[in-house]
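A.B. asks: I'd like to ask you about the structure that follows.
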Amino acid sequence: MSRTVIRNGTIVDPSQGLHGRMDMALRNGVVEDIAPEVRPESGDKVFDVQGLYIAPGFIDLHTHLREPGGESAETIESGCRAAAAGGFTTIYCMPNTRPVCDTETGVHYVVSRAARAGCVRVIPVAAVTKGQQGEEITNMGRLQRAGAGAFSDDGYPVMNAEIMRRALEYTSMIGVPVMEHCEDANLSGSGAVHEGAVSLKLGLRGIPRVSESTMVSRNVALAAATGGHIHICHVSARESVEAIREAKRNGVHVTAEVTPHHLTMTDKDVLGYNVNAKMKPPLCEEEDREALIAALEDGTIDCIATDHAPHSANAKDNVFDEAPFGIIGMESAFPLLFTEFVLPGRWPLEFLVEKLTVAPAAVVNRPWGTLQPGSPADMAILQLGQPYTFERRHLHSRSSNCPWLGRTMKGRVAMTLVGGLPVYESPDLYGKPQPVEKPGRKSTSTKTPKRKTGKSNKATTR
């Protein structure tokens with residue numbers, strides 16, 4: 001069988017401690033070999049990626065694909081295309097759709113629609129409680145067998161501690177995490193932004209940071225009592241960081257994620273009533289942002305996740321109190337974080353790649369995020385250093401609620417491969433991956449073939 005040989009790329013794979021110019025051979029959807037030189041065989045497809053970097057495909061543990069019920073903002077197919085454009089080859093999608101993903105039928109629907117999209121690997125996250133109502137636990141065993149990779153009532157915290165205790169006991173037996181949106185709804189109430197000087201200046205209802213941190217403390221205590229795995233979603237406050245750090249010191253099975261927007265923005269970005277800085281948990285203060293960065297660096301926070309939350313323009317373009325929470329983030333995550341942290345020298349490239357690949361794979365205990373021979377040939381080919389303006393045309397999501405449009409970026413995804421096949425190629429690169437023409441034969445195009453897409457039913461967004 002023919003191989004694909006990728007030559008002259010700089011491979012960055014933290015799982016193997018690799019960072020250097022090497023060649024790679026792919027066969028039957030898996031990595032066959034990585035070596036300083038891989039000699040092409042007769043019939044091989046050969047691509048020269050001189051000047052570009054090759055990383056394992058990124059993994060996003062926290063996305064919202066909106067389908068079914070919110071197709072005006074996103075579909076599974078458009079969300080998969082957005083993921084591929086951002087270098088993500090595996091994504092976990094949250095269950096807050098309409099209807100809620102709380103049955104085997106709901107899980108099968110997501111899996112089948114993702115397979116039809118034929119783009120990236122999609123793992124459904126099923127609800128902890130039926131209808132995300134916080135009252136009756138779902139049949140987690142059946143949902144896992146149907147394809148659910150984790151459980152969450154994301155967007156709706158599990159307020160009842162007994163329900164959370166039972167969920168953690170159940171998931172400890174089947175070996176998957178509960179991914180919790182930590183918020184005390186009684187404390188946050190109808191708040192729209194972080195409670196502080198900015199909320200006072202704008203005259204907006206505030207959400208105190210203890211709304212998150214008290215629930216983090218409760219949930220890690222329940223994880224300690226049950227032996228269950230609690231994964232804290234989108235950490236935002238420095239008190240939450242301390243609670244997670246202390247729990248890890250005590251051996252509690254707790255993991256955590258942080259978003260690109262909480263790493264790069266503060267509540268000051270809300271000034272001017274910027275609806276694209278309205279999210280939950282809300283952006284906090286500079287001290288919180290620095291605490292999140294330090295926690296990611298010292299391992300208290302395990303990985304980066306986007307919390308990709310698309311909303312239609314009509315929904316988001318509203319008075320601040322009425323606009324929904326959330327922004328999109330899969331297409332912008334790598335360019336933003338490379339520009340903000342790697343270029344200035346705070347992080348080495350390997351660190352950023354680790355937090356987008358092998359680190360999230362470790363959270364869910366799956367064998368992804370690596371280019372080790374024998375592993376799936378899922379990878380992001382990156383162009384670094386060339387400045388460009390991040391614009392609407394770079395978005396493949398149906399929505400454009402992104403605060404970084406118009407921003408100058410200096411890193412981008414050139415191409416994304418899943419199972420050795422290209423699922424995305426940037427249309428405007430300087431120095432694209434080039435097929436090597438063989439004597440007497442035309443070169444093979446690297447462009448992704450167009451796929452048929454199914455029609456979506458109209459529905460309103462959350």
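Taken together, the values in this text are just the output of simple stated rules run on the coordinates, not laboratory data. It should be emphasised that the depicted structure is a prediction, and the values quoted were computed from it without experimental measurement. Don't worry about glycine lacking a Cβ; one is built from the backbone with ideal geometry, like all the others, and counts go over all protein chains shown.
A.B. asks: Relative to the longest principal axis of the chain, what angle (0 to 90°, nearest 10) does the C-alpha long axis of helix 286-298 take?
C.D. replies: For helix 286-298, the angle is close to 50 degrees.
A.B. asks: Which of the peptides 183-190, 2-9, 320-327 is most tightly packed, and how do the rest follow, judged by the mean count of other Cβ atoms within 10 Å per residue? Before the final figure, lay out each step's value.
C.D. replies: Values: 183-190: 14.5, 2-9: 20.0, 320-327: 18.0.
Highest mean packing first, the order is 2-9, 320-327, 183-190.
A.B. asks: Show which aspartates and glutamates lie in cross-link reach of residue 248 when reach means a straight Cα distance below 16 angstrom and same-chain residues fewer than eight apart are skipped.
C.D. replies: 239, 257, 297, 298, 302
A.B. asks: While we're here: On C-alpha positions alone, give me the angle between the axis of helix 238-249 and the longest principal axis of the chain, in degrees, nearest 10.
C.D. replies: Value to nearest ten degrees: 70.
A.B. asks: Nearest 5 percent is fine: what portion of the DSSP beta bridges confined to segment 14-148 is antiparallel?
C.D. replies: Numbers: 6 of 14 bridges.
Counting DSSP beta bridges with both partners in segment 14-148, the antiparallel share is about 45 percent.
A.B. asks: Ranked highest first by the average count of other Cβ atoms within 10 Å around their residues, in what order do 289-295, 409-415 fall? Please list the in-between numbers first.
C.D. replies: On the way: 289-295: 19.0, 409-415: 22.4.
Those peptides, ordered most packed to least, come out 409-415, 289-295.
A.B. asks: What are the ³J(HN,Hα) values, in whole Hz, obtained from phi via the Karplus relation 6.51 cos²θ - 1.76 cosθ + 1.60 with θ = phi - 60°, for each residue of segment 223-233 in sequence order, with x given for Gly and Pro?
C.D. replies: 5, 5, 6, 9, x, x, 9, 9, 10, 8, 6
A.B. asks: Still on this structure: May I ask you to evaluate 6.51 cos²θ - 1.76 cosθ + 1.60, the Karplus curve with θ = phi - 60°, for each residue of segment 257-267 and list the ³J(HN,Hα) values in order in whole Hz, giving x for glycine and proline?
C.D. replies: Residue by residue, segment 257-267 yields 10, 9, 9, x, 6, 6, 7, 10, 10, 9, 5 Hz.
A.B. asks: Could you calculate the contour length gain from residue 273 to residue 318, that is, 0.36 nm times the residue separation minus the distance between their Cα atoms, to one decimal place in nm?
C.D. replies: Details: separation 45, 0.36 × 45 = 16.20 nm, distance 1.02 nm.
My answer for the length gained is 15.2 nm.
A.B. asks: May I ask you to compute the full-extension gain from residue 386 to residue 159, defined as 0.36 nm times their residue separation minus their alpha-carbon distance, rounded to one decimal in nm? Intermediate results must be reported in sequence, preceding the final value.
C.D. replies: Working: separation 227, 0.36 × 227 = 81.72 nm, distance 4.72 nm.
Value of the extension gain: 77.0 nm.
A.B. asks: Of the peptides 194-206, 142-154, how do they stack up when ordered by the mean number of other Cβ atoms within 10 Å, highest first?
C.D. replies: Numbers: 194-206: 17.0, 142-154: 22.2.
Packing proxy ranking, top to bottom: 142-154, 194-206.
A.B. asks: No solvent, one uniform scatterer per C-alpha: report log10 I(q)/I(0) for the chain via the Debye equation at q = 0.09, 0.13 1/Å, two decimals.
C.D. replies: Scattering profile of the chain, log10 relative to I(0): -0.56, -1.18.
A.B. asks: What is the spin-label model distance, in nm, from residue 116 to residue 221 if the labels are put 7 Å beyond Cα along the C-beta direction?
C.D. replies: Spacing of the two 7 Å Cα→Cβ label points: 4.7 nm.
A.B. asks: Could I ask something else about it? At residue 104 and residue 30, where each label point lies 7 Å from the Cα along Cα→Cβ, what is the point-to-point distance in nanometres?
C.D. replies: Using points 7 Å along Cα→Cβ, the separation is 3.0 nm.
A.B. asks: Report for the chain the percent antiparallel among DSSP-assigned beta bridges with both residues inside it, nearest 5.
C.D. replies: 55 percent
A.B. asks: Using +1 at the C-beta of Lys and Arg and -1 at the C-beta of Asp and Glu, which of 365, 418, 144 has the Cα lying farthest in the positive direction of the dipole of the chain?
C.D. replies: Farthest towards the positive end: 418.
A.B. asks: Related question: Divide by every residue of the chain the summed helix terms, -39500 (n - 2.57) for each DSSP H run of at least 4, and state the resulting mean residue ellipticity at 222 nm, rounded to the nearest 500 deg cm²/dmol.
C.D. replies: Helix-only estimate at 222 nm: -7500 deg cm²/dmol.
A.B. asks: Could you tell me which Cys residues in the chain have no other cysteine's Cβ under 4.7 Å from their own Cβ, answering none if every one has a partner?
C.D. replies: Isolated Cys, the chain: 93, 101, 182, 233, 284, 303, 402.
A.B. asks: Related question: On a full-extension model of 0.36 nm per residue, what is the gain between residue 407 and residue 8, subtracting their alpha-carbon distance, rounded to one decimal in nm? Don't skip to the end; give the middle numbers.
C.D. replies: Values: separation 399, 0.36 × 399 = 143.64 nm, distance 3.04 nm.
That works out to 140.6 nm of additional length.
A.B. asks: With labels modelled as points extended 7 Å from the Cα through the Cβ direction, what inter-label distance (nm, one decimal) is found for residue 201 paired with residue 186?
C.D. replies: 3.3 nm
A.B. asks: Rounded to the nearest 0.05, what FRET efficiency is calculated for residue 250 and residue 351 with R0 set to 25 Å and r the Cβ-Cβ distance? Spell out each step's value before the answer.
C.D. replies: Numbers: r = 26 Å, r/R0 = 1.05.
After rounding to 0.05, the efficiency reads 0.45.
A.B. asks: Now for a separate question. Rounded to whole Å, give me the distance from the Cα center of segment 252-290 to that of segment 78-115.
C.D. replies: Distance between centres, Cα-based: 25 Å.
A.B. asks: Return one number: the angle in degrees, 0 to 90 and rounded to the nearest 10, between the long axis of the Cα atoms of helix 104-117 and the longest principal axis of the Cα atoms of the chain.
C.D. replies: 30 degrees
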